[in-house]
Amino acid sequence: MEFLQPRTWPEALAAKAEHPTAVPLVGGTDVMVELNFDRRRPDALLDLGRVSELAEVEREDGFVRVGASVTYARIISELAGELPGLALASRTVGSPQIRHRGTVGGNLGSASPAGDAHPPLLAGDAVVEVASVRGSRRIPIDEFFTGVKRNALEPDELIAAFVTRVARGPQQFCKVGTRNAMVIAVTSLAVGLDPVGRRVGTGIGSAAPTPRRAVEAEAFLEAEIDSHGLWDRPEPLDDAVVARFAGLVAGAASPIDDVRGTAAYRRHALDVMATRALHWAWDDYRRT
Amino acid sequence: MSAMRIGCTINGRREEIHDVWEGESLLFVLRERLGLRGAKNACEQGECGSCTVYLDGLPVCACLVAAGQAEGRTVVTVEGLSDEVSLHPVQQAFLEAGAVQCGFCTPGLIVATHDLLSHAVRPSDAEIRERLAGNLCRCTGYEKILVAVRRAADALAGAGVPIDT
């Protein structure tokens, strides 16, 4: 095995081009487990922890660009005001030890359907910036996940950052598990309201082969809010509207039975979480 | 390139470790190459916190840090918290409170508690639970562990002992 340790982003891209099977490593919270248990013996590890460009957070025109090696701990301490949904989700990741090492870039690289960062990124219409020696491109988050633990990266590409809009309205995140800490989601849900863009965002975790949006639920609620002028006069939402939204969220999932829970339980939990998350978010909005 | 040489500072001492395998963990280096057996090898997947050490001042699971990532970094293990003469107040509190049963989780809990008390003077129980959530005690001796954390907090607050890592 080789241990590649580039110091700069161009060096990292050159190393990945030369060693397309090299496994990128930052926090190690996924990769090291596989090595420790002999589940994987890559030809090379590509340690990106020395690449300072990847640890940067930049702000421009109402958007935040978060480098791939920014840890969950930093998202909680530095970005909770701008990206509240992602910060909520980050607080549910593992333990303090894990949050000091784990990164959203790593979550995207692993592309687990249960990755905690994915639902808020989906609900916020984030874009994943990837690069290779051939150049860089931006992949909309809902085109990034291509299958169970698979993503849209080419073999020579690395994740540089994700870019997402600074929240313009309330964002919520819910996660079901056997305890509050150290839990892989049985299922999870992010909901975001963008009164300026008149958008409702959703992201479902751990209830389909990939994280995914509940597109119909978003469109239904946007139409309901628009048709009653509720963005400008935010009255309480009808119970029937909330119930329909929650049903559409649950219906957008395609869960399976596995060790963590049954498909039926996941659908039920999504219905409950969608009801609660929408109430929380809408109540927040009415108060502002 | 095969088998690496790594230099880092561990408990204040500059160490050079030779013939390190590229996929080796920092935990393996500490325990098997340097004989620092405080950090325990339990789950090897970041679930239990028994191998918690400071890496550049942040508590992390040593089993999830590749040895090569520690190159040039500063590591402090549970052994590095006490001086030659006396235990650190956090270690002393665990002893006095009877917060040690089989002892396997203890080094990780002590490092995690040390970190907690370097950020919070008298943490609430909820704060203690959240900050120690990544450290499992299979003897389930959590009540005494909470007693020990409160005791250590009192000792440090009372003595005005600053914690620095």
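Given the -39500 (n - 2.57) contribution per DSSP H run of 4+ residues, what per-residue ellipticity at 222 nm results for the protein assembly as shown, rounded to the nearest 500 deg cm²/dmol? List each step's numbers first, then the result.
Details: 15 runs with 154 residues, N = 453.
Mean residue ellipticity at 222 nm (helix-derived): -10000 deg cm²/dmol.
Just the Kirkwood number for segment A:2-165, please: inverse of mean 1/r across all distinct Cα pairs, in Å, one decimal. The partial results should precede the final answer.
Working: mean 1/r = 0.0634 Å⁻¹.
Evaluated over segment A:2-165, this radius sits at 15.8 Å.
Within a 10 angstrom radius of each residue's Cβ in B:43-51, how many Cβ atoms of other chains show up on average? Whole number is fine.
5
For chain B, what is the per residue volume of the convex hull drawn over the alpha-carbon atoms, in cubic angstrom? Intermediate values should be presented prior to the final figure.
Values: hull volume 17.0 nm³, N = 165.
Convex hull volume per residue, Cα atoms: 103 Å³.
Straight-line reach from A:Lys149: which lysines have Cα under 30 Å away, leaving out those fewer than 8 places along the same chain?
Of all the lysines, those that pass the test against A:Lys149 - Cα under 30 Å, at least 8 places apart if same chain - are A:Lys16, A:Lys175.
Would you be so kind as to identify which of A:Gly62, A:Pro211, A:Ala152 lies farthest towards the positive end of the dipole of chain A, taking Lys and Arg as +1 and Asp and Glu as -1 on Cβ and the Cα centre as origin?
A:Pro211
Using alpha carbons only, what's the Rg to Rh ratio of chain A with Rh from Kirkwood?
Values: Rg = 19.0 Å, Rh = 19.3 Å.
With Rh from the inverse mean 1/r over Cα pairs, Rg/Rh is 0.98.
For segment B:89-159, taking Cα atoms only, what is the radius of gyration to one decimal and the Dmax to the nearest whole Å?
Values for segment B:89-159 (Cα only, Rg and Dmax): 10.7, 32 Å.
What average number of partner chain Cβ atoms lie no more than 10 Å from the Cβ of the residues making up A:1-11?
Numbers: counts 7, 4, 15, 3, 5, 0, 0, 0, 0, 0, 0.
That average works out to 3.
Dimensions of segment B:4-79 along principal axes (Cα, Å, largest first)?
Reported extents, whole Å, longest axis first: 28, 24, 19.
Residue-wise, which Karplus ³J(HN,Hα) couplings in Hz belong to segment B:121-126, taking 6.51 cos²θ - 1.76 cosθ + 1.60, θ = phi - 60°, and x for glycine or proline?
Listing the rounded values in order: 6, 10, x, 6, 4, 4 Hz.
Eigenvalues of the Cα gyration tensor times 5, then square-rooted: what semi-axes does that give for segment A:171-287, in whole angstrom, largest first?
Numbers: eigenvalues 137, 38, 26 Å².
Semi-axes from the Cα gyration tensor: 26, 14, 11 Å.
Which residue, chosen from B:Val60, B:Gly7, B:Leu36, occupies the Cα position most advanced towards the positive end of the dipole of segment B:4-79, where the dipole is computed from +1 (Lys, Arg) and -1 (Asp, Glu) charges on Cβ about the Cα centre?
Sorting the options by dipole projection puts first B:Leu36.
Would you mind giving the mean number of other chain beta-carbons within 10 Å of the Cβ of each residue in B:54-66, as a whole number?
Numbers: counts 1, 3, 1, 1, 7, 5, 9, 10, 2, 5, 13, 7, 10.
The per-residue average across the peptide is 6.
Applying a 10 Å radius around every beta-carbon, put A:2-13, B:98-109 in order of their mean neighbour count, most first.
Working: A:2-13: 17.9, B:98-109: 20.4.
Ranking the peptides A:2-13, B:98-109 by packing returns B:98-109, A:2-13.
May I ask you to list the lysines whose Cα is less than 23 Å away from that of B:Lys144, ignoring any residue fewer than eight positions away on the same chain?
B:Lys40
Any read-out appearing in this document is the output of simple, stated calculations on the displayed coordinates, not a laboratory observation. Keep in mind it's a predicted model, so treat the numbers as computed, not measured. Using ideal geometry, Cβ is built from the backbone for each residue, glycine included, and neighbour counts are taken over all protein chains shown.
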